[in-house]
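The values are calculated or read from the model by the stated rules, or taken from the named source; none is laboratory data. Small disclaimer: the values here were computed from a predicted structure and weren't measured. Cβ: placed from backbone, ideal geometry, glycine included. Neighbour counts: every protein chain shown.
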Amino acid sequence: MRIAIIGSGYVGLVSGVCFAAKGNDVTCVDLRKDIVAQLNVGVPHIHERGLPELLKSVLASARFRATTDVHSSIETAEIALIAVGTPSENGAIDLNAVRQCARQIGAYLATSPHHLSVVVKSTVIAGTTDTMVRQELEHSSGKKLGAFGLGMNPEFLREGEAIEDFMEPDRIVLGHEDERTLVRLQELYAPWNCDKVRVNTRTAEMIKYANNAILATQISIVNEVANLCAAIGGVDALDVMRGVHLDKRWSPITSFGRLAPQILTYLVPGCGFGGSCLPKDVQALRTQGESLGLPMDMLNAVLDVNAAQSGQIVSTLERKFGTLSGRRTLVLGLSFKPDTDDVRESASIKIVRDLLRAEAQVKCYDPLAAENFKLAIGSAANRIQFSSDWRHEIEWAEIVIIATRAQEYGELTSLQVAGKTVFDARRLIDPAAVPTADYLTIGRRLN
Ligand SMILES: NC(=O)c1ccc[n+]([C@@H]2O[C@H](COP(=O)([O-])OP(=O)(O)OC[C@H]3O[C@@H](n4cnc5c(N)ncnc54)[C@H](O)[C@@H]3O)[C@@H](O)[C@H]2O)c1
Ligand SMILES: O=c1ccn([C@@H]2O[C@H](COP(=O)(O)OP(=O)(O)O[C@H]3O[C@H](CO)[C@@H](O)[C@H](O)[C@H]3O)[C@@H](O)[C@H]2O)c(=O)[nH]1
């Protein structure tokens with residue numbers, strides 16, 4: 001099938017190369033000429049495991065190309081997917097990029113007889129596709145729904161695991177306002193063997209928000225329980241979560257068996273959720289609810305708990321040291337999660353700012369994310385040293401903070417951290433492996 005994808009970021013580009021790898025003919029569009037030029041020579045502008053190889057392979061097969069021109073991309077397409085950003089604006093989402101895409105597609109449809117299905121993949125609040133997007137398309141094309149198709153196909157991939165998630169999703173949601181679009185979406189996703197949920201577009205939009213809001217709620221309740229465990233003493237929140245995860249309702253036994261509770265990867269006590277999705281999406285859902293006169297108490301609490309959680313690190317260290325002024329502190333991990341260069345809403349930004357406010361000396365390690373981190377914290381970057389070798393910096397540090405679950409930090413040895421304070425803000429390492437260090441973490445009381 002011929003498809004156009006407008007917006008070539010984490011979602012648009014990953015979807016584009018994966019659809020091409022499944023045999024479709026894909027044109028990815030982006031406003032930014034530099035991104036388009038790079039993609040056409042096989043160099044992705046974002047970091048995702050497996051993406052450079054897949055991009056090169058689909059370029060070589062001539063099933064993938066990038067352009068800045070929306071019109072040429074949709075001329076022969078059956079589906080145009082809109083995958084532009086929907087950033088947060090005062091708690092709501094900024095729909096300008098989606099609106100602009102709908103107008104550009106509508107302008108093309110005004111003079112073309114060809115039937116195109118326009119499908120929103122960006123995360124948009126319930127009621128966006130069947131009102132705003134539909135109206136913009138009808139207005140700028142002078143045609144009614146039916147002369148073109150309309151759908152909403154939310155994306156559930158996680159950064160850092162985007163290719164795997166896209167290729168092996170838990171489910172695919174096929175939101176549609178007309179039968180022809182549903183048929184096209186079913187054909188596009190025919191090679192995927194998973195549950196497919198056929199619903200109207202506002203249900204599709206709400207499934208995406210409910211999913212992220214419930215994930216965020218779980219993270220905040222686990223962190224609140226963890227803080228309580230630390231305050232009570234003698235109870236470790238990680239052991240608590242291992243016990244909780246054994247409940248079949250949390251970790252259903254799959255055909256692969258049940259995940260061993262020792263290797264918990266989700267709902268681990270930590271320093272809070274970040275990224276471009278959970279914070280933005282929870283805020284947008286809260287704002288939508290409040291605009292409809294609902295109190296939205298749960299989501300308010302989820303955001304409040306999360307906003308306070310990263311503060312646990314510096315407040316715990318200050319309880320231990322009295323003052324952090326001049327203390328040599330090494331922060332391991334700057335992105336919002338491992339294996340990505342994305343620092344949007346990363347807890348490390350707040351942790352580093354807290355450390356600088358407390359006048360600690362700060363060195364940071366995360367070569368993949370360092371450049372984006374510098375941009376995110378602005379002039380404060382001048383007060384930090386960025387290192388390309390954390391093993392080398394350990395000797396310098398009095399305090400080591402593990403801020404993401406990158407597996408390499410799990411290699412920290414007892415010898416390296418002897419006499420130092422290790423704050424494991426992600427419950428990555430086994431304290432028994434570093435008996436020579438003063439081990440601090442979330443969800444366990446200070447000794
Ligand atoms: N990042 C994720 O993990 C993820 C996962 C699921 C859903 N989403 C949602 O998908 C959407 C896209 O997210 P993202 O992370 O890929 O964003 P992104 O910022 O990485 O990429 C968006 C791209 O769209 C381009 N763009 C903006 N306006 C354009 C226009 N009018 N025409 C052409 N290109 C345009 C930008 O230049 C940018 O390259 C958002 O709604 C987001 O909430 C993101
Ligand atoms: O037990 C946990 C799990 C995650 N996190 C944090 O939560 C954030 C988000 O993590 P994750 O959900 O793994 O990454 P994202 O790439 O942001 O993916 C989320 O947001 C995407 C965009 O909407 C969705 O597509 C995904 O399904 C959804 O998981 C990160 O800061 C994590 O460190 C925790 O604090 N504790």
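Name the residues in the stretch 131-157 that are touching a helix residue (DSSP H, G or I) at 6+ places or on another chain (Cβ under 7 Å), outside any strand (DSSP E or B) and crowded, with 19+ Cβ neighbours inside 10 Å, would you?
Val133, Glu136, Leu137, Ser141, Asn153, Pro154, Glu155, Leu157
Residues that are under 26 Å from Ala237 (Cβ atoms): find the strands (runs of 3 or more DSSP E) completely inside the stretch 360-447 holding 2 or more of those.
Numbers: elements: 361-365, 384-387, 399-402, 421-424, 438-441.
The qualifying strands (runs of 3 or more DSSP E) are 399-402, 421-424, 438-441.
Just need a number here: residues in the stretch 274-314 that are in a helix (DSSP H, G or I) and over 30 Å from Phe373 (Cβ atoms).
Qualifying residue count, the stretch 274-314: 6.
Kindly indicate the residue of the stretch 226-243 that is within 12 Å of ligand 2 (Cβ to nearest atom) and either without any contact (Cβ under 8 Å) to a residue 24 or more places away in the chain or in contact with a Pro (Cβ under 6 Å, 6 or more places away or on another chain) (or both) and also nearest to Ala284 (Cα to Cα) among those meeting that condition. If you could, list the steps in order and put the result at the bottom.
The first filter runs over the stretch 226-243 and keeps only residues within 12 Å of ligand 2 (Cβ to nearest atom), leaving 226, 237-238, 241.
Pick out the ones that are also either without any contact (Cβ under 8 Å) to a residue 24 or more places away in the chain or in contact with a Pro (Cβ under 6 Å, 6 or more places away or on another chain) (or both) and you get 226, 237.
On the way: Ala226: 27, Ala237: 30 Å.
Taking the candidates together, the pick is Ala226.
Within the set of pairs 6+ apart or on separate chains, which have a first residue in the stretch 415-432 that is crowded, with 21+ Cβ neighbours inside 10 Å, a second that is of a type in the set (Asp, Glu), and C-beta atoms under 8 Å apart?
Short answer, once both residue conditions are applied: Val422/Asp438.
Among (1) surrounded by fewer than 17 Cβ atoms within 10 Å (Cβ to Cβ); (2) touching a Leu at 6+ places or on another chain (Cβ under 9 Å); (3) under 24 Å from Gly146 (Cα atoms); (4) not basic (Lys, Arg), where does Thr68 come up short?
(3)
Please go through the stretch 76-105 and pick out each residue that is over 30 Å from Asp304 (Cβ atoms), more than 16 Å from ligand 2 (Cβ to nearest atom) and modelled with pLDDT of 95 or more.
Hits for the stretch 76-105 are Ala77, Glu78, Ile79, Ala80, Arg99, Gln100, Cys101, Ala102, Arg103, Gln104, Ile105.
Taking into account only those residues within the stretch 158-191 that are assigned to a helix (DSSP H, G or I) and basic (Lys, Arg), which is farthest from the chain's Cα centre (by Cα)?
Arg180
Quick one: Gly443 ticks every box in (1) surrounded by 22 or more Cβ atoms within 10 Å (Cβ to Cβ); (2) over 26 Å from the mean Cα position of the chain (by Cα); (3) more than 20 Å from Leu355 (Cα to Cα) except a single one, so which number is it?
(2)
Does the stretch 195-208 contain any residue that is buried (at least 20 other Cβ atoms within 10 Å of the Cβ), away from ligand 2 (no atom under 16 Å from the Cβ) and within 21 Å of Ile82 (Cα to Cα)?
Yes, the conditions are met somewhere in the stretch 195-208.
Considering only residues that are away from ligand 1 (no atom under 13 Å from the Cβ) and surrounded by fewer than 24 Cβ atoms within 10 Å (Cβ to Cβ), look in the stretch 1-17 and name the one that is farthest from Asn96 (Cα to Cα).
So, considering only residues that are away from ligand 1 (no atom under 13 Å from the Cβ) and surrounded by fewer than 24 Cβ atoms within 10 Å (Cβ to Cβ), the one farthest from Asn96 (Cα to Cα) is Met1.
Kindly indicate whether any position in the stretch 164-175 is hydrophobic (A, V, I, L, M, F, W, C), more than 15 Å from ligand 1 (Cβ to nearest atom) and surrounded by 15 or more Cβ atoms within 10 Å (Cβ to Cβ).
yes
For Thr316, all conditions in the list (1) crowded, with 24+ Cβ neighbours inside 10 Å; (2) among the β-branched types (Val, Ile, Thr); (3) in contact (Cβ under 8 Å) with a residue 60 or more places away in the chain hold save one; what is the number of the exception?
Going through the list (1) crowded, with 24+ Cβ neighbours inside 10 Å; (2) among the β-branched types (Val, Ile, Thr); (3) in contact (Cβ under 8 Å) with a residue 60 or more places away in the chain, Thr316 breaks only (1).
Report whether or not Ala126 is outside the structural domain of Cys277 (by TED's automatic domain parsing), within 15 Å of ligand 1 (Cβ to nearest atom), of a type outside the set (D, E, K, R) and surrounded by fewer than 23 Cβ atoms within 10 Å (Cβ to Cβ).
Taking the combined requirement at face value, the residue satisfies it.
Among the numbered conditions (1) within 16 Å of ligand 1 (Cβ to nearest atom); (2) on the phi > 0 side of the Ramachandran plot; (3) among the charged types (D, E, K, R), tell me where Glu371 comes up short.
(2)
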